[in-house]
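Taking it in order: structure first as structure tokens, then the write-up.
Computed from the coordinates by the stated procedures, all read-outs in this text should not be read as laboratory data. Just so we're clear, the structure is a prediction, and the values are computed from it rather than from any experiment. Every residue, glycine among them, receives a Cβ derived from its backbone with ideal geometry; neighbour counts consider all protein chains shown.
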Amino acid sequence: MPGDPPRSRGPAGFSTSQVKAWAIALSMVYGTIGFALLGLLIDWWAGTSPWFVIGLAMLGLAVGMYRFIREAQALNRSSSRPRGGSTSGRE
């Protein structure tokens, strides 16, 4: 609408917060896959199949979830911050 303030847009017309949210979610997936592939490589080299795949995939999932929660909270804090005036609530 003509009276609405312009929103910041990222690639392909997505809003910046949408792009950040997708990046946070995909970093968890990529971390899990990366750790699982590292575990597969170690298992192949050491002949200990499937223990390192399972262990490192679980570690990647735990680290990814931790990072997901922290970054989602930071994104939520930045989007719900007041747009002007004092941030402490006191005048």
Sequence of LEU61, LEU26 once ranked by neighbouring C-beta atoms within 10 Å, starting from the fewest: LEU26, LEU61
Could you compute the net charge surrounding SER78? Neighbours are other residues with a C-beta less than 11 Å from the C-beta of SER78; K and R count +1, D and E count -1. +2
Work out the P(r) tail for segment 27-74: percent of alpha carbon pairs separated by more than 17 Å, whole number. 34
May I ask you to compute the full-extension gain from ILE42 to VAL63, defined as 0.36 nm times their residue separation minus their alpha-carbon distance, rounded to one decimal in nm? 5.6 nm
